[in-house]
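The block underneath contains the structure these notes are about, expressed in structure tokens.
The values are calculated or read from the model by the stated rules, or taken from the named source; none is laboratory data. All values derive from a computational prediction rather than experimental measurement. Every residue, glycine among them, receives a Cβ derived from its backbone with ideal geometry; neighbour counts consider all protein chains shown. We work out accessible area using only protein heavy atoms, side chains counted, and drop any ligands, DNA or RNA first. Shrake-Rupley method; radii C 1.70, N 1.55, O 1.52, S 1.80 Å.
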Amino acid sequence: MWVVFQVRIHGRGGQGVVTAAELLSVAAFLEGRHAQAFPTFGSERTGAPVVAFCRISEAPIRSREPIVEPDALIVQDPTLLHQVDLFGGVGPSGVVVVNTARRLSDLGLNELAERFGRVVTVPASELAREHLGRPLPNAALLGGFAALTGVVALESVQTAVRRRFPGAVGERNAAAAAAAFALVDAGTREVARA
Amino acid sequence: MREQIEGSLAVARAVALCRPEVISAYPISPQTHIVEALSDLVRMRELAPCEYLLVESEFAAMSAAIGASAAGARAYTATASQGLLYMAEALYNASGLGLPIVMTVANRAIGAPINIWNDHSDAMSQRDCGWVQLYAESNQEAVDLHLQAFRLAEELSLPVMVCMDGFVLTHAFEPVDLPAQSEVDAFLPPFEPRQVLDPGEPVTIGAMVGPEAFTEVRYLAHAKQMQALDLIPDVAAAFARAFGRPSGGLLRRYRTEDADTIVVALGSVLGTIEEVVDELREQGVRAGALGIKSFRPYPLEEVRAALGHAERVVVVEKAFAVGIGGIVGQNVRLALSGAAPEVFDVVAGLGGRPVTKRSLHALLADVIGGRLNPHRLVFLDLDRQLVERELARLSGERRSGPHAENILRDVGVVGGRSY
Amino acid sequence: MPHRPVKFFQVGSFAAGNRLLDEAGRSVQADRGRSNTLTSGHRACQGCGEALGARYVLDAAMRATQGRLVAANATGCLEVFSTPYPESSWQLPWLHSLFGNAPAVATGMAAALKAQGRDDVRVIAQGGDGGTLDIGFACLSGMFERNDDVLYVCYDNEAYMNTGVQRSGATPPGARTATTKPVGDEPGNAFGQGKSAPLIAMAHEIPYVATATVAELHDLEAKVERAMELHGARYLHVLVPCPLGWGAEARDTIRIARLAKETGLFPVLEAEHGEVVAVSKIRRQAPVEEYLRLQRRFAHLLGDPPRTDVIERLQAIADRNIRRFGLLEEEGQP
């Protein structure tokens, strides 16, 4: 069982990458763990590559260095896949969640599945469009992440989401998270967890 | 109550708990979330009575705080980097007049070249402006230090700046325990000014003082800071009693008692350093860390007491004195003059470059292995090739172009490996 | 004994005190019980227009507020001559912070008083033309645009006097200062530069803007009183001749101030929310030369031969002001 779990989230400005890391940290906090979330920082600019980090730990977290060896990677924008070095530091047991409705082979990422512990695709933008009316994929991706890793429970993600976005917006995001969770859960149920 | 929130929001709520009556705010990255949150609290009347001034510059922000404080109100503002410089004249004015203003500095590098990321060059540039300067290691400590700062400032009649690393702390989500209003009210009584503009008892504040008395007035400013060396631990102790956790004070020792090698630093990098210390200890290396919480006044005796027994002291600082060397390093050397330890000055994390455990381990291995010259300033993770290329350019042609642009082109930031 | 006609002279508004008026119509200065806010013993030059202006303004403001007044003062002549260590001439709560921040300091004071529920205490800020128009301009504009509850008074002696008479944004064209000497063809300070603080204040559409001189005491006091009836950002611009800096006789301070108005070079008016609501008409239009002649800072224009080209340009400025603000009595109107 892990003591520290490190997640790195990639996306573009405007996609809620930073919020995703924050929500994940709140979800872990709600489960009684220590969590730390922070972005790489840049000027506010929609469309620019953004990276955010989340560390989850049983013990108080002291280090503040960027996460160089993530246990999990969440890719919110597949257009980054061949443009920047997203996968730096992800080890052979690392897991990757990619936001896409296409298959890995279509994206030219077949060897990825072999390099890492587990790689799943989640049509998060589509789920978001369905549930929120906007292609804001972060909540859905967190739902998928929860299903894939079990590091946080779906309910914790949903509570974090609802607290952050009150009312209907929160509910819809929570629903998107649940939908993604179900998808990934169904896909991995037969696979032994690493 | 314990919550997982952004550092800026935590600080804003801590400040609000201290019941400031006037807040003046000019936005600058990375302090913006603090002043935005305070604006919300005032607008929603969660913080009342409080006047929130949308001033036109940092110079105006500090000036308004000066006017407000002189009129007897508890006054607060926040800034960083260029903003701190822009109010430099007013900083000296506030401390010279003995006004107990509290200010958050979200530490950020000073340009040129313009850089919005964290280092300590801003606060360090104002280390002698007469303000008390405290450094927070975590968002919890940032919260706690603001509470202590108001009390300290008002007891001393001296302004206090609370430094917290920009972005690294301000924009980090981590657990923070925010006290209840009643607890803060018990710890921080209403402001009772030593001097105040009151038509019932008119006073003249800010008169010119000539050669016949200026030295004495300035001596008093120094004496007040010396007083703070006693008061800071007192306030920290009172805080610990009231809120049940240690926070602030002059220094924080981490495994230094039997350490041969002690790393000295300020602010959030201490967290990373402590993990490195633990890892070294597991390898049998007797390492320790010393966090300096109060940089002004500087606790010379306490630093000497904490470090005097070590074989080597490695100062890791996020700023430096151009043309001479380290800043914190200089002060540490002063504290240790005549004492045994070898002191190494290391500059790290400038302009937001992450200070990584890997680099720290390599650094300490070099130090312990005797491969570093203690008389030379060390720049951690310096890309020598980049520097040498630029120097070659300089000697090659007169119109060599701006350094920053040349180096950025060399680094190939756009479309390159770095994400 | 042959009948000799006796002339009675109406002393009128030029006198500080006038026993022909009833109490209510007399000036604040005529009242022995006035606050004497800027008390005697300060170190101003003989004939200093600023000391006079400050005394007039503050005593009127103290009366208008029943003494519930606090002041922020910029660095400058007034601050320096009024607080020579270890003495102070001020008989009200007074704060000097920096050169460029008096408006912002006053903003802070007003906010503090409001937060503390001390609404009865009013705030006045004061500075010279340099501290108001140049180095303090950003803070002034900020105070205006926020409509902070401050009366800002600018004592305009048209240069940085305290530091030795250097040119400011208020220095009139053609004037000699230490940094605009009339060398060769240069007329002194250049034409086509400079700012009008009152017009800028009006552009901010603040509740009240007024100009005045130390030559017309009643007018100045009335404007202070009017300003203190209102709340929000208010601006009062007072022309205060400086004998030293203008190269004038100490005894001519009031005469020069009067001529500034009577030539049209210094329009005396009131505005509310950006619209002029009243002007003080010129009684007897004087040619600008009459004004220039009294000041050695313009002596280079009146030499042998005189710089008639420059004088004409100055006259044109005066004429434009008269036209623009309707400063002359119309035919048939009082």
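Taking a ≥ b ≥ c as the square roots of the Cα gyration tensor eigenvalues, the stretch B:177-326 comes out oblate, since a/c reaches at least 1.5 and a/b does not exceed b/c. Rounded to the nearest 10 square angstrom, C:LEU314 shows an accessible area of 10 square angstrom against a 1.4 Å probe.
Here the stretch C:53-174 is assigned +1 on the Cβ of each Lys and Arg and -1 on the Cβ of each Asp and Glu. Its dipole about the Cα centre then comes out at about 240 debye.
Using a/c under 1.5 as the rounded threshold, could you call the stretch A:97-194 rounded, prolate or oblate? The axes a ≥ b ≥ c are square roots of the C-alpha gyration tensor eigenvalues, and prolate needs a/b larger than b/c, oblate otherwise.
Values: a/c = 2.66, a/b = 1.55, b/c = 1.71.
The shape class here is oblate.
Looking at the stretch C:226-308, the trypsin sites (Lys or Arg not before Pro) that sit in a DSSP loop and have at most 11 other Cβ atoms within 10 Å of their own Cβ are C:ARG283, C:ARG284.
Using a Förster distance of 35 Å, how high is the FRET efficiency between B:ALA238 and B:ASP40, based on the Cβ-Cβ distance and rounded to 0.05? Display every interim value, and only then the final one.
On the way: r = 30 Å, r/R0 = 0.87.
My answer for the efficiency is 0.70.
Please tell me the relative contact order of the stretch A:31-160 in percent, rounded to the nearest whole number, where contacts are Cα pairs under 8 Å and at least six residues apart.
17
For the stretch B:140-295, a simple Cβ point-charge model (Lys and Arg +1, Asp and Glu -1, everything else neutral) yields a dipole of about 240 debye relative to the Cα centre.
With a 1.4 Å probe rolled over the protein heavy atoms of all chains, the accessible area of B:VAL42, B:VAL184 falls in the order B:VAL42, B:VAL184, largest first. Just to be sure I understand the model, the point goes 7 Å from the Cα along the line to the Cβ. What's the resulting B:ALA112 to A:ALA48 distance in nm? A separation of 2.0 nm, rounded to one decimal place. Mean per-residue shielding of peptide C:87-94 is 5, counting Cβ atoms of other chains within 10 Å of each Cβ.
Treating the beta-carbon of each Lys and Arg as +1 and of each Asp and Glu as -1, no other charges, what is the dipole magnitude of the stretch B:91-191 about its Cα centre, to the nearest 20 debye? Please report the intermediate quantities before stating the final value.
Working: 3 positive and 13 negative charges, 77 e Å.
For this selection, approximately 380 debye.
For the stretch C:40-156, relative contact order (Cα pairs under 8 Å, six or more residues apart, normalised by length) works out to 29 percent. Give the longest segment of chain C that steers clear of chymotrypsin sites (Phe, Trp or Tyr not before Pro) in DSSP loops with at most 13 neighbouring Cβ atoms within 10 Å, not counting the sites themselves. The segment C:10-334 is the longest one with no such site.
With both labels modelled 7 Å from their Cα along Cα-to-Cβ, the B:ASP230 to A:VAL68 distance reads 4.8 nm.
Computed with a 1.4 Å probe on the full set of protein chains, the accessible area for B:ARG245 sits at about 40 Å². For peptide C:73-80, the mean count of partner chain Cβ atoms within 10 Å of a residue's Cβ comes to 1.
What is the diffusion coefficient of the protein assembly as shown in µm²/s, taking the Kirkwood radius over Cα pairs and the Stokes-Einstein relation at 10 °C with a viscosity of 1.306 mPa s? Intermediate results must be reported in sequence, preceding the final value.
Working: Rh = 31.7 Å.
The calculation lands on 50 µm²/s.
Annotation for the stretch B:20-60: GluC sites (Glu not before Pro) lying in DSSP loop with at most 16 further Cβ atoms inside 10 Å of their Cβ are B:GLU46. Residues whose amide H lies under 5 Å from that of B:GLU342, counting only those 5 or more places away or on a different chain, are B:ARG312, B:VAL313; hydrogens are built 1.01 Å from N in the peptide plane. Restricting the stretch C:73-153 to GluC sites (Glu not before Pro) that sit in a DSSP loop and have at most 14 other Cβ atoms within 10 Å of their own Cβ leaves C:GLU87.
As a ratio to 2.2 N^0.38 Å, the alpha-carbon radius of gyration for the stretch A:1-130 is 1.04.
Both radii come from the Cα set of the stretch C:227-334: Rg as radius of gyration, Rh as Kirkwood radius; their ratio Rg/Rh reads 1.03. The Cα atoms of the stretch B:261-419 give a gyration tensor whose axes a ≥ b ≥ c have a/c of 1.5 or more with a/b greater than b/c, which makes the shape prolate. Cα centroid separation, the stretch B:85-116 to the stretch B:21-71: 15 Å. For the residues of C:115-122, the average number of beta carbons from a partner chain within 10 Å of their own beta carbon is 5. In percent, what relative contact order does chain B have, based on Cα pairs under 8 Å that are 6 or more apart in sequence? Contact order relative to length: 14 percent.
Shape descriptor for chain C: Rg over Rh equals 0.98 (Cα atoms; Rh from the Kirkwood inverse mean 1/r).
Normalised by the empirical 2.2 N^0.38 Å for globular proteins, what value does the Cα Rg of the stretch C:128-210 take? Could the numbers behind the result be given before it?
On the way: Rg = 14.2 Å, N = 83, 2.2 N^0.38 = 11.8 Å.
Taking N as the residue count of the stretch C:128-210, the ratio is 1.20.
Spatially close Lys pairs in the protein assembly as shown, defined by Cα atoms under 25 Å apart and a spacing of eight or more places or different chains, total 12. Temperature 10 °C, viscosity 1.306 mPa s: under these conditions the Stokes-Einstein estimate for chain B, based on its Kirkwood radius over C-alpha pairs, is 71 µm² per second. Ranking B:SER157, B:LEU54, B:ALA335 by how far each Cα lies toward the positive end of the dipole of the protein assembly as shown (charges on Cβ) leaves B:LEU54 at the top.
With the simple model of a label 7 Å out from the Cα in the direction of the Cβ, B:PHE379 to C:ASP22 spans 8.3 nm. When each full DSSP H helix of chain B is screened for a Cα extent of at least 24 Å along its own axis and an average Kyte-Doolittle hydropathy of at least -0.5, the helices passing are B:139-156, B:214-243.
Write down the Å³ per residue value for the convex hull defined by the alpha carbon atoms of the stretch C:50-106.
Numbers: hull volume 4.6 nm³, N = 57.
Cα convex hull per residue, to the nearest whole number: 80 Å³.
The Cβ shell under 11 Å around A:LEU136 holds other residues with a net charge of +3, Lys and Arg each +1, Asp and Glu each -1. Here's the picture: charge each Lys and Arg Cβ at +1 and each Asp and Glu Cβ at -1 in chain C, and of C:GLY41, C:GLY192, C:LEU220 the one pushed furthest to the positive end of that dipole is C:GLY41.
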